[in-house]
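Contents: one structure, followed by commentary.
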There are 4 protein chains.
Amino acid sequence: MRFLLIGDIVGRSGRNVIKEDLSHIKRELGINFTIANGENAAGGNGITRDIARELFAAGIDVITMGNHVWNKKEVYNFIEQETRLIRPANYPPGAPGAGMNVFVREGAAVCVINMSGRVYMSPLDCPFRKADELLRQLSPDVKIVIVDFHAEASSEKIAMGWYLDGRVSAVCGTHTHVQTADERILPEGTAYITDIGMTGPRDSVIGVDKDVVLEKFLTQQPRRMEVASGPAQLNAVYIDVDTDTGRAKKIERIFNL
Amino acid sequence: MRFLLIGDIVGRSGRNVIKEDLSHIKRELGINFTIANGENAAGGNGITRDIARELFAAGIDVITMGNHVWNKKEVYNFIEQETRLIRPANYPPGAPGAGMNVFVREGAAVCVINMSGRVYMSPLDCPFRKADELLRQLSPDVKIVIVDFHAEASSEKIAMGWYLDGRVSAVCGTHTHVQTADERILPEGTAYITDIGMTGPRDSVIGVDKDVVLEKFLTQQPRRMEVASGPAQLNAVYIDVDTDTGRAKKIERIFNL
Amino acid sequence: MRFLLIGDIVGRSGRNVIKEDLSHIKRELGINFTIANGENAAGGNGITRDIARELFAAGIDVITMGNHVWNKKEVYNFIEQETRLIRPANYPPGAPGAGMNVFVREGAAVCVINMSGRVYMSPLDCPFRKADELLRQLSPDVKIVIVDFHAEASSEKIAMGWYLDGRVSAVCGTHTHVQTADERILPEGTAYITDIGMTGPRDSVIGVDKDVVLEKFLTQQPRRMEVASGPAQLNAVYIDVDTDTGRAKKIERIFNL
Amino acid sequence: MRFLLIGDIVGRSGRNVIKEDLSHIKRELGINFTIANGENAAGGNGITRDIARELFAAGIDVITMGNHVWNKKEVYNFIEQETRLIRPANYPPGAPGAGMNVFVREGAAVCVINMSGRVYMSPLDCPFRKADELLRQLSPDVKIVIVDFHAEASSEKIAMGWYLDGRVSAVCGTHTHVQTADERILPEGTAYITDIGMTGPRDSVIGVDKDVVLEKFLTQQPRRMEVASGPAQLNAVYIDVDTDTGRAKKIERIFNL
Ligand SMILES: [Fe+2]
Ligand SMILES: [Fe+2]
Ligand SMILES: [Fe+2]
Ligand SMILES: [Fe+2]
Ligand SMILES: [Fe+2]
Ligand SMILES: [Fe+2]
Ligand SMILES: [Fe+2]
Ligand SMILES: [Fe+2]
């Protein structure tokens, strides 16, 4: 079974790439299941119901989130109902929405987990212990588990890869908006990459207008961040998972322009 | 003229890869000038005179550093004399050593600059203004300028790429120890990559023994970091620069095992 | 000459205390010059022209700021003209407004400096070197220099006290919104306190509604911060400075309710 | 019943003050139970068995710790046996030692809790939820509960005060090494202060040699921190608690030199 994981979709620019290219990519690569990080889908930060629907309609099966999950207040109105939207599982207990869900595709159960790192980020619950807890809850019938680990520090992401190696099908990082070149199958069968990258305006600073960001760095004064214009890229990986064992057999990067 | 830039060399593991593979790589690719980040060369952090000599002897022309430059106290004994060792230029004025130097190779002047980011790092002087200052000091005869921007946040690194586009030959990031897949020639002729990656033990967490790092994340107690064992990788990029204009024509990643 | 320094004025609550109590306090204590931190004066963050005028009208001679100086966009419209409003001097060169100004009161020149720390804050220019630079610019005729050092870490604030001891009349901290009990005259004659405290709603979390802050800590989700209601406190220090030498002779805390 | 809480004891300087002054202070004030923060007792960071014994012998009943609890490796050898040494309770489960213990004094049960903040500190478990958990475990017979909340940010400390108001006898902050002037009895009967302060060398930067700290701030290079010399201060609070209800009736600061 072949999975497509798409890096943070930024603004209209990123959504347009998805609408234009996703169905074609899925067909060409024979994708069975598509997961995309949508934490920046609405104007650069957060998500709305309409935009979630737009992305599902374009062929995305599950949307994962990250530190920007709560940015658009509207998310509180639909996150409890929208089972295909997954937010970091290690928010404190009681947070709206779910951090894990199981989907069925072609007879196979597919578990999607979203977690957030803590290094240089908010002090959420320990993502390592949360992963243990979530996997304990899972029925042994569920062989395929895909983890989007949304984190800043390369050390925390790589550590999570090793921690879950052999226990999940894939640990794929998001959040830095830059695709890394370290994709591999870890020794016990888990597909790993430190960051899938970003889907949105290429000539930008992680999706944002570069002149605004530069002004911010130079003046250290607040500036209103705006999604950049110009040509857009799609960053993703596809992963082949053995349906019977849940082990990954292949991971390959996609860096489309 | 073809430049090789090597990502952070970690411990004996990384030095051994250099000694075994560098001359072969240089010959095969026709490298004219080799720069390597050596901030982790001595036992995982810092550098000593012997290790610097070892790296020069193995074919490295210039060593750049980063936040770990001062870790081995011995560096204070030779950094002023060793002109081929460059530390981040944006340490406060008066810091030992130099943050920029000009070398001559095959009749061409080659300027190497090392700078450090500030996001999630120590509050050094502004690297953007420091870059302006360094470039102002440079004779117009020096066309080729290679910048190792040692920084954590992808946003700060990409912003530096745009800031220096057309003013230097290359802006290459180091510090995360994970190679990124976003190498490109920016519109005004500057070669760019967010991170060159790491040269050292592959089955590790950024070079460090993975069990120790995991224990640290799980217990939040201090642990003695040790360089990992096992197979080692070499991460680098090579860049073709037009000697007359200083503009980059090509950048390609190397991820050797 | 007796100076009154008032800790961060928070919202309408803080402004009301000023309007009600300041003239009385000044009369009773025989205050000659009043400086107040106004970075939270407008609705909890930033300042507007009207609010600055309101504070000047209530008897404040100079307003200093901090990390929230730019929060109300309106500040850009009047900061260049309003010479009695001082923002942290260690913003990069070119920032609107001034970080130091000299006033004359009863025949004596009074220099007011505002600086920001960097530990756990934005990477502004080095406040220690900036202090050197500002003091070098000052005419030797100016004996009295009052520094509002707006910083988070106790270590950075105390270090600044020692750094400027004997070179300025006072180094008084702001930003934590909690008055410290370590006021003293340092050996070379500089009055010092780590934090003057906060002028605003007492039954709050640093001025903000406590239920909202608690919800934020417990959920790790964003919440709209609102200035708290209820009884308000005034936090300040008064300092006696020898007009001829600029040395401080006395510092005393005020914690009024 | 009268409690004495002593702020972070720094090095030999701080220990000497304790040995010289504590018995006298206890007698004069009629102290029944003494708690001291000992995270910096051994050479500036951490604690050893001998130093713990030295402090107990000098009249301290319970030692609380903080982020430096693990600095001296020796602590692992005795923290499990030494029931009078309490480390932050919100380290991940399985950490050696205890974060809470109950002692009996004059027929009354006294619970001592130590917790660490997370803002600008390591991402331990949520201290607010941990407090709930610890208090749930407590027998209703235990009326007196004293909390040492070791934290950096004033907001997190004040929030904890409000969170536990009426549920514990006292929430006293430590870690900044600067005594605050905001001691009070909160509306539901909990004694509160943001920081008790530091017991150790006065003419220092939070206990450390001021020249070394200044050099570190100015050069941004690592420097070996040394406990300062010179006159030492003792920072503490005493709190009167109603033995029947556990409510605090009085809190007063001590700033001895
Ligand atoms: Fe993102
Ligand atoms: Fe993110
Ligand atoms: Fe490194
Ligand atoms: Fe580094
Ligand atoms: Fe403030
Ligand atoms: Fe502030
Ligand atoms: Fe301490
Ligand atoms: Fe501490």
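The values are calculated or read from the model by the stated rules, or taken from the named source; none is laboratory data. In this text, all values refer to a predicted model and were calculated from it rather than measured experimentally. Cβ: placed from backbone, ideal geometry, glycine included. Neighbour counts: every protein chain shown. Surface accessibility is based on the protein's heavy atoms, side chains included, excluding ligands, DNA and RNA. Shrake-Rupley method; radii C 1.70, N 1.55, O 1.52, S 1.80 Å.
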Of the criteria (1) more than 8 Å from every other protein chain (Cβ to nearest Cβ); (2) open to solvent by less than 50 Å² (accessible area, probe 1.4 Å); (3) closer than 29 Å to D:TYR91 by Cα, which one D:ARG247 fails: (2)
Only one of (1) of a type in the set (A, V, I, L, M, F, W, C); (2) farther than 21 Å from A:HIS68 by Cα; (3) assigned to a strand (DSSP E or B); (4) open to solvent by less than 20 Å² (accessible area, probe 1.4 Å) fails for A:ILE113. Which number is that? (2)
Of these, A:PRO187, A:PRO222, which one is free of Cβ contacts under 8 Å to residues at least 60 places away in the same chain and within 16 Å of ligand 5 (Cβ to nearest atom)? A:PRO222
Restricting attention to segment A:228-240, the residues that are open to solvent by 50 Å² or more (accessible area, probe 1.4 Å) and away from chain B (no Cβ under 12 Å) number exactly 1
Residues of segment D:25-51 being assigned to a helix (DSSP H, G or I) and farther than 16 Å from D:ILE9 by Cβ, in sequence order, are D:ARG27, D:GLU28, D:LEU29
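How many residues are in a loop (DSSP other than H, G, I, E, B) and either buried (at least 22 other Cβ atoms within 10 Å of the Cβ) or within 15 Å of ligand 6 (Cβ to nearest atom) (or both) when one looks only at segment C:162-180? Before the answer, list the steps.
Keep residues of segment C:162-180 that are in a loop (DSSP other than H, G, I, E, B), which gives C:166-167, C:169, C:175-179.
After this cut, where a residue has to be either buried (at least 22 other Cβ atoms within 10 Å of the Cβ) or within 15 Å of ligand 6 (Cβ to nearest atom) (or both) as well, the list is C:169, C:175-179.
The total comes to 6.
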The condition of being under 15 Å from B:PHE149 (Cα atoms), open to solvent by 10 Å² or more (accessible area, probe 1.4 Å) and away from ligand 8 (no atom under 16 Å from the Cβ) holds, among B:ASN90, B:ASN67, B:ASN71, only for B:ASN67
Among (1) open to solvent by 10 Å² or more (accessible area, probe 1.4 Å); (2) under 13 Å from C:PHE78 (Cβ atoms); (3) not in a helix (DSSP H, G or I) - the single one C:PHE56 does not satisfy: (3)
So if I check each of A:LYS216, A:LYS210, which one is open to solvent by 30 Å² or more (accessible area, probe 1.4 Å) and at the interface with chain B (Cβ under 8 Å from one of its Cβ atoms)? A:LYS210
Looking only at segment C:167-178, and only at residues there that are of a type in the set (Gly, Ala, Ser) and in contact (Cβ under 8 Å) with a residue 60 or more places away in the chain, the one that is farthest from the other protein chains (Cβ to nearest Cβ): C:SER169
Please tell me if A:VAL102 is away from chain D (no Cβ under 11 Å), crowded, with 19+ Cβ neighbours inside 10 Å, modelled with pLDDT of 95 or more and within 19 Å of the chain's Cα centre (by Cα). no
Would you pick out the residues in segment A:134-161 that are open to solvent by 10 Å² or more (accessible area, probe 1.4 Å), in contact with a strand residue (DSSP E or B) (Cβ under 7 Å, 6 or more places away or on another chain) and within 11 Å of chain B (Cβ to nearest Cβ)? A:SER155, A:ILE158
Looking only at segment C:47-55, decide whether some residue is hydroxyl-bearing (Ser, Thr, Tyr) and within 11 Å of another protein chain (Cβ to nearest Cβ). no
How many residues are surrounded by fewer than 21 Cβ atoms within 10 Å (Cβ to Cβ) and facing another protein chain (nearest Cβ under 9 Å) if we restrict to segment D:185-199? 2
Pick from A:ARG223, A:ARG129: which is part of a helix (DSSP H, G or I), open to solvent by 30 Å² or more (accessible area, probe 1.4 Å) and either within 13 Å of chain B (Cβ to nearest Cβ) or within 27 Å of A:ASN32 (Cβ to Cβ) (or both)? A:ARG129
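Of all residues in segment A:59-98, which are part of a helix (DSSP H, G or I), more than 18 Å from the chain's Cα centre (by Cα) and not polar (S, T, N, Q)?
Once the filter is applied, which keeps residues that are part of a helix (DSSP H, G or I), more than 18 Å from the chain's Cα centre (by Cα) and not polar (S, T, N, Q), segment A:59-98 yields A:TYR76, A:PHE78.
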